[in-house]
Amino acid sequence: MQAKSERITVLTTPDFKAYLHEEAAREGISVSELIRVRCAQPNQPAVNEDEQLLQTIVEQVKEATHRAQYALDKGLQDAEAVLNELKHARKH
């Protein structure tokens, strides 16, 4: 991520300033981050770093769960095959 090093000064009404601070507080981010996110993705709620991290973790858990389910299914198939071989060998 590129370092933020440019500053913009915006004149606004006290009411609009209060609105920005309320929105930022509601979403758990700074006013600067609120403006960056809202301008980059209009009509999208801002996502703070904790929420981004949580989303990443959720995706990793989903992928790990999928891999684990595949491994369990494969293990069960292998175990059934061995049991069938043992049963077959016992009969002969």
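The values are calculated or read from the model by the stated rules, or taken from the named source; none is laboratory data. Values in this document were obtained by computation on a predicted structure and should not be read as measured data. Methodologically, a virtual Cβ is constructed for each residue, glycine included, from the backbone with ideal geometry; neighbour enumeration extends over all protein chains shown.
Some notes on this structure:
- Note on region 46-92: residues that are outside any loop (DSSP other than H, G, I, E, B), of a type outside the set (A, V, I, L, M) and under 30 Å from His21 (Cα atoms) amount to 6.
- Answer from Ile8, Ile57, Ile35 - the residue that is of a type in the set (A, V, I, L, M, F, W, C) and either surrounded by 11 or more Cβ atoms within 10 Å (Cβ to Cβ) or touching a Lys or Arg at 6+ places or on another chain (Cβ under 9 Å) (or both): Ile35
Listed here are the residues, each with its yes/no results for (1) modelled with pLDDT of 90 or more; (2) at negative phi.
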| position | (1), (2) |
| --- | --- |
| Ala40 | no, yes |
| Asn43 | no, no |
| Gln52 | no, yes |
| Val58 | yes, yes |
| Ala68 | yes, yes |
| Leu72 | yes, yes |
| Gly75 | yes, yes |
| Ala79 | yes, yes |
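- Scan of region 1-36 for residues that are of a type in the set (S, T, N, Q), closer than 27 Å to Leu53 by Cβ and either in contact (Cβ under 8 Å) with a residue 60 or more places away in the chain or not in a helix (DSSP H, G or I) (or both), ordered by number: Gln2, Ser5, Ser30
- Taking each residue of region 57-79 that is free of Cβ contacts under 8 Å to residues at least 40 places away in the same chain and among the hydrophobic types (A, V, I, L, M, F, W, C) and looking for partners that are surrounded by fewer than 10 Cβ atoms within 10 Å (Cβ to Cβ) and not in a helix (DSSP H, G or I) with beta-carbon atoms closer than 9 Å, six or more apart or interchain, yields nothing.
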